[in-house]
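Presented below is the structure to which this report refers.
Bear in mind that the values in this text are calculations on the coordinates, not laboratory data. Note that the coordinates shown come from a computational prediction; the quantities given were computed from them, not determined experimentally. Glycine gets a Cβ as well: all are built from the backbone with ideal geometry, and neighbour counts include every protein chain shown.
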């Protein structure tokens with residue numbers, strides 16, 4: 001006598017949950033039985049420790065219709081956080097990689113014009129593609145703030 005179908009399905013769901021948990025250890029993984037949706041959650045403190053300091057918005061929960069869809073979303077968030085490319089929603093701001101953030105702060109306090117130029121070039125190179133047409137080279141655009 002084989003396992004009832006619902007137990008086989010439950011075993012498959014548990015195997016998927018364990019697989020996601022192993023790949024993304026800082027996230028709690030849940031599949032709800034009523035809606036059959038997948039969720040990934042992490043406390044804000046854990047999320048903050050994974051994200052660069054220039055970003056004030058962090059991802060603490062994700063949901064998806066399938067384990068694979070959730071896996072894809074978790075990978076995208078991980079890549080964005082690792083590269084500092086997670087942008088604040090609805091704005092043209094983005095998180096900077098930690099080393100560039102630190103160099104930028106140091107350049108602001110520096111009297112070394114060459115150092116400031118080098119950091120400015122690195123900032124422009126890491127800026128989202130949409131900034132390149134919006135940032136002026138004049139004094140108003142020197143701060144890297146998109147033109148209005």
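Inter-label distance, residue 65 to residue 79: 2.2 nm, where each label sits 7 Å from its Cα along the C-beta direction. The distance between label points at residue 21 and residue 111 comes to 5.9 nm (points 7 Å beyond Cα on the Cα→Cβ vector).
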